[in-house]
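Everything on this sheet refers to the single structure shown next.
The values are calculated or read from the model by the stated rules, or taken from the named source; none is laboratory data. Computed from a prediction, not measured in an experiment: that's the story for all the values here. Here the Cβ is made from the backbone with ideal geometry for all residues, glycine too, and neighbour counts use every protein chain on show. The area values use the complete protein model at the heavy-atom level, side chains included, leaving out ligands, DNA and RNA. Shrake-Rupley method; radii C 1.70, N 1.55, O 1.52, S 1.80 Å.
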Amino acid sequence: MNMIETIRAERIDRMTLFTILVAALGYFVDIFDLLLFSIVRVQSLKDLGVPEGEMMETGITLINAQMAGLLAGGILWGVLGDRLGRISVLFGSILLYSIANILNGFAGTVEQYALLRFVAGVGLAGELGAGVTLASELLPKRLRGLGTTFIASIGVMGAMAASTIADLTDWRTAYMTGGGMGLFLLAMRLKVRESGLFRAVGKNVSRGNILLLFRRWSLFRKYLAVILIGAPLWGMIGLFITFTPEFARDMGMTDPLPTAGKAVFYCYLGLVFGDAFTGLLSQKLKSRKKAVGVSLLMLAAFTALYALLPGKTVGIYYALCLLLGFSVGYWCMFVQMGAEQFGTNIRATAATTVPNLVRAVTIPATMAFGALKPVLGVTESGVAVVGFLLILAFIALYTLEETFGKDLDYVER
């Protein structure tokens, strides 16, 4: 039975499908903005008068400001999603980051740039977790993985769109374009459907209590494990892709060097196919864990190839970015695993904070990279950081329970 026949057999109504589509487009805009800084970093910092020798350090400061916003926003939107509903997050988050992006187009100093990246990060934090939670609760058990695969495959195209827009316009226009898309999507969300599971939670049940995740060891262990599983993905993107010119130069490549914009484009092109592959593999194997395990093995292999392959050209470098992107196609699947691990009353809290805590891993990853770089060198330090995160991810995956086909109609007390 193909996907269309399965949808018909399960009697998925149009409003549910529309809600899934809007969630996917929200993730598209999320990824567009999230990766836009990596794409326009050099152009925008030159325009703001940052010296060539300070590009990497200033870039790390700005990306960490954005990631700190994601961390704060993940907690904010996760709690609101469980207390006020999944739809409240989809409205509030997109409004905040749309306004921040438009204002980012008018930034005149690095300090203003950093502040707006923080605010945009807070807004961006709500998109993926709320969308995946909503899809998981609206769709039947056997279709949850396909719903997440659809959201992921559409969403990650936002990175390629960001790369294309950045090529066709200046960095200020690119930020304002992202903000405009967000406001357009906000209008579409007036028709989305709230989760029936959320509406059914009794008033006497504690909702959005993030402390539950830390008070009970059984919940905290699962929460930490899911975060560690996703960590290598953003370690790789935050280092290898964001700082492409610096890594390429360290590998002995000479001008013209590969650009971060093109590296993002090819990495996320690979991610489109990787998301589809991981989602379909999960359906075939009837296992989230096995599908994610395959992706982690591929990431380990392609990281080694990225570091060790001699005689790289610009074309070969972009091909490696494509392979790395394909290997991290488990991103939305791991978020879905996070949503499926917890009860309805803290599901949005877990699913929204998890990806943003993973994105915030960029902060300690770049700090560790900066500390190791004088000792090991650029490439070796990056590989050491990503390799360490991979070891933690494999251990965490082993400890986590399988959630394929799990009934989500329960609460945590």
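Annotations
- Whole-number percent relative contact order across region 207-325, with pairs defined as alpha carbons under 8 Å at least 6 apart: 28
- Among the chymotrypsin sites (Phe, Trp or Tyr not before Pro) found in region 85-142, those both in a DSSP coil and sparsely packed, with 12 or fewer other Cβ atoms within 10 Å of their Cβ, are 106.
- Working note: Karplus 6.51/-1.76/1.60 with θ = phi - 60° gives region 216-230 the couplings 9, 4, 4, 6, 5, 4, 5, 4, 5, 4, 5, 4, 5, 5, x Hz, where Gly and Pro are set to x.
- Across region 174-189, rounded Karplus estimates of 3J(HN,Hα) from the backbone phi angles (6.51 cos²θ - 1.76 cosθ + 1.60, θ = phi - 60°) give 4, 5, 5, 5, x, x, x, 4, x, 5, 5, 5, 4, 5, 5, 6 Hz, Gly and Pro being marked x.
- Only Cα pairs under 8 Å and 6+ residues apart enter the sum, and on that basis the relative contact order of the chain stands at 26 percent.
- Close amide-amide hydrogen proximity is noted between residue 243 and no other residue 5 or more places distant or on a separate chain, at a cut-off under 5 Å (H modeled in the peptide plane; Pro and chain starts excluded).
- Overall, the anisotropy analysis places region 313-365 in the oblate class: the square-rooted eigenvalues a ≥ b ≥ c of its C-alpha gyration tensor yield a/c not less than 1.5, with a/b not exceeding b/c.
- Cβ-Cβ FRET estimate between residue 371 and residue 83, R0 fixed at 45 Å, reported to 0.05: 0.70
- Residue 398 paired with residue 309, simple spin-label distance in nm, labels 7 Å along Cα-to-beta-carbon: 3.0
- When the chain is treated as a Gaussian network with alpha carbon springs shorter than 10 Å, the biggest mean-square fluctuation among 36, 186, 296 belongs to 186.
- For the listed peptides 260-273, 391-404, 300-313, a ranking on the average number of other beta carbons within 10 Å per residue, highest first, reads 260-273, 391-404, 300-313.
- Summarising the amide proton neighbourhood of residue 403: residues at separation of 5 or more, or on other chains, whose placed amide H is nearer than 5 Å comprise 288, 289.
- Gain in span if fully extended, residue 172 to residue 254, counting 0.36 nm per residue against the direct Cα distance: 26.6 nm
- On Cα atoms only, tilt of 362-376 relative to the major axis of the chain in degrees: 30
- Working from label points 7 Å from Cα in the Cα-to-Cβ sense, the residue 142 to residue 211 distance is 4.3 nm.
- For the chain, the solvent-accessible area with a 1.4 angstrom probe is 37 square angstrom per residue.
- Once the Cα-Cα distance is subtracted from the 0.36 nm per residue extended length, the residue 391 to residue 112 segment shows a gain of 96.7 nm.
- Rounded to the nearest 10 degrees, the inclination of helix 331-340 to the longest alpha-carbon principal axis of the chain is 30 degrees.
- Mean residue ellipticity, 222 nm, helices only, the chain: the sum of -39500 (n - 2.57) across DSSP H runs of n ≥ 4, divided by residue count and rounded to 500, is -25500 deg cm²/dmol.
- Counting only protein heavy atoms and using a 1.4 Å probe, the accessible area of residue 255 comes to about 130 Å².
- Cα-centre dipole for region 200-292 with unit charges at Cβ (Lys and Arg positive, Asp and Glu negative), debye to 20: 1020
- Computed E for residue 218/residue 380 - FRET, C-beta separation, R0 41 angstrom, nearest 0.05: 0.60
- 3J(HN,Hα) along region 155-166, derived from phi through the Karplus expression 6.51 cos²θ - 1.76 cosθ + 1.60 where θ = phi - 60°, amounts to x, 5, 5, x, 5, 5, 5, 4, 4, 5, 4, 5 Hz, with x in place of Gly and Pro.
- Per residue, the average separation of C-alpha pairs within less than 8 Å and at least 6 apart gives region 108-253 a relative contact order of 16 percent.
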